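Visitor: The structure follows.
The values are calculated or read from the model by the stated rules, or taken from the named source; none is laboratory data. Computed from a prediction, not measured in an experiment: that's the story for all the values here. Positions of Cβ are backbone-derived with ideal geometry, glycine not excepted, and every protein chain shown enters the neighbour counts.
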């Protein structure tokens, strides 16, 4: 199956019948595996204003539609890693609503409040609270406040911390910063401050790498480049690869590249929260084959970040995805997949590859097609004479994290089983209990066009094709099972 992540604007648009052709294509659950994330829940949570009966009805419909699309398959950041699990979106929203008060007051007094209420030895708890409150901050913070280049920015980000450089002051300041950035237009002031290096939206164009534009601006100004890692610690509340994506995304927005609107009125509220949620969507989407968004600013920033971090997820708008589908993915039956696969060998898309010792190791190609709705990498050995052999595998979308859901393998095996029947070991449909660590013996069929073997080796799913009796050209001309 082809993993697709839909941004909330696309999901809600489909729900409201704005993308009818996309809706028809994407609901083919033999071909596409749709995932949602906790950021979708964040989008819905942000839309809640008055808890009226009409609003609650819309929220329930939104949650039901997520289930309709994704069968509750959710990507969740548990602060250590991003996991793919079965979660009902309504339960996640309830958790978000229940936890909301915790983000309204970050003071140490509030953090210890529940402990003091439950602990009979609250004298000990109070002593511990006082001890933590008085701990001075790291010298790096103090030095940053003494540096004119960073002091103004830190004072804006952490209001009041300059006067109380202790852990208690930090928590209070962080709470104020969190509230101001997410509920007011303070992010606009911070962004303006960052852009005082002499950079704004007018410095970017389609022919320039936005990160190079930013780097050059700092070099020209003769000051140290702004790196989000210095202000947003990596790996503490998310995997480092996740933070890399969100930090680079925020860096682009802060410097004016396709910057989000910041405006708070009685009718709308666009704050830093919108930008961080969009950045998280881009991070979650990086573990899928496709990311569909109809927000041009999110689209442009995500493409730039993926390019910088060598992420292979294809970022497309709905119309672009429909075109891609019609050109490369509109193949359904096993024989049609085989025909499309063998036709690839007549195209000039292969290039030589070497092994670890520098010796020629065959040819490799990364086609636009997803053969059997799964494989998108082909390796071909040095076929000579009456012998034709190749291997299909997958090019990871995110080199730092990959997922293969059991539904993907179940659907892959079903495609072959429905035409070829049980394999040579009398194995039929896939069962999750077959998996043992990273090894899976898979399936092996002897067919009239050669041997087809699907296995899992060293954690990677691969398809091996072997025909010792014909040349490649003869196989291409006769692919019907």
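Visitor: Check residue 388 against each of (1) more than 30 Å from residue 244 (Cα to Cα); (2) modelled with pLDDT of 90 or more; (3) touching a helix residue (DSSP H, G or I) at 6+ places or on another chain (Cβ under 7 Å) and name the one condition it does not meet.
Guide: Of (1) more than 30 Å from residue 244 (Cα to Cα); (2) modelled with pLDDT of 90 or more; (3) touching a helix residue (DSSP H, G or I) at 6+ places or on another chain (Cβ under 7 Å), only one is false for residue 388: (2).
Visitor: For the structure I just gave you, tell me whether residue 389 is outside the structural domain of residue 257 (by TED's automatic domain parsing), closer than 26 Å to residue 10 by Cα and not in a loop (DSSP other than H, G, I, E, B).
Guide: Spelling it out, it is not the case that residue 389 is outside the structural domain of residue 257 (by TED's automatic domain parsing), closer than 26 Å to residue 10 by Cα and not in a loop (DSSP other than H, G, I, E, B).
Visitor: Residues to consider are 405, 365; find the one that is free of Cβ contacts under 8 Å to residues at least 60 places away in the same chain and touching a strand residue (DSSP E or B) at 6+ places or on another chain (Cβ under 8 Å). Quick ask: steps written out before the conclusion?
Guide: Numbers: 405 fails: free of Cβ contacts under 8 Å to residues at least 60 places away in the same chain.
Just a single option satisfies the conditions, and that option is 365.
The rows are residues; the columns are (1) assigned by TED's automatic domain parsing to the domain that holds residue 302; (2) within 22 Å of residue 287 (Cα to Cα); (3) within 22 Å of the chain's Cα centre (by Cα).
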position	(1), (2), (3)
7	no, yes, yes
14	no, no, yes
17	no, no, no
28	no, yes, yes
37	no, yes, yes
41	no, yes, yes
50	no, no, no
53	no, no, no
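Visitor: Would you be able to tell me the number of residues in the range 336-352 that are part of a helix (DSSP H, G or I) and either exposed (fewer than 12 other Cβ atoms within 10 Å of the Cβ) or touching a strand residue (DSSP E or B) at 6+ places or on another chain (Cβ under 8 Å) (or both)?
Guide: Looking only at the range 336-352, we keep the residues that are part of a helix (DSSP H, G or I), and these are 336-344.
Narrowing further to those that are either exposed (fewer than 12 other Cβ atoms within 10 Å of the Cβ) or touching a strand residue (DSSP E or B) at 6+ places or on another chain (Cβ under 8 Å) (or both): 337, 340-341, 344.
Of the residues in that region, 4 qualify.
Visitor: Filter the range 366-385 down to the residues that are in contact with a helix residue (DSSP H, G or I) (Cβ under 8 Å, 6 or more places away or on another chain) and either closer than 24 Å to residue 30 by Cβ or buried (at least 18 other Cβ atoms within 10 Å of the Cβ) (or both) and list them by number.
Guide: Matches in the range 366-385: 367, 368, 369, 370, 371, 372, 373, 374, 378.
Visitor: Taking the conditions exactly as written (modelled with pLDDT under 95 and within 25 Å of residue 8 (Cβ to Cβ)), does residue 276 satisfy them or not?
Guide: Answer is yes for this residue.
Visitor: Ok, one more. If I go through the range 284-298 residue by residue, how many of them are over 25 Å from residue 78 (Cα atoms) and either surrounded by 24 or more Cβ atoms within 10 Å (Cβ to Cβ) or in contact with a helix residue (DSSP H, G or I) (Cβ under 7 Å, 6 or more places away or on another chain) (or both)? Write out each step before concluding.
Guide: Restricting attention to the range 284-298, the residues satisfying the condition of being over 25 Å from residue 78 (Cα atoms) are 294-297.
Still in the list and also either surrounded by 24 or more Cβ atoms within 10 Å (Cβ to Cβ) or in contact with a helix residue (DSSP H, G or I) (Cβ under 7 Å, 6 or more places away or on another chain) (or both): 294-295.
The qualifying residues number 2.
Residue-wise test of (1) crowded, with 24+ Cβ neighbours inside 10 Å; (2) touching a helix residue (DSSP H, G or I) at 6+ places or on another chain (Cβ under 9 Å); (3) modelled with pLDDT of 95 or more.
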site	(1), (2), (3)
282	yes, yes, yes
300	no, yes, yes
308	no, yes, yes
312	no, yes, yes
316	no, yes, yes
327	no, no, yes
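Visitor: Let me ask something else. Hey, among 12, 79, which residue is closer than 27 Å to residue 398 by Cβ, in contact (Cβ under 8 Å) with a residue 24 or more places away in the chain and surrounded by 13 or more Cβ atoms within 10 Å (Cβ to Cβ)?
Guide: 12
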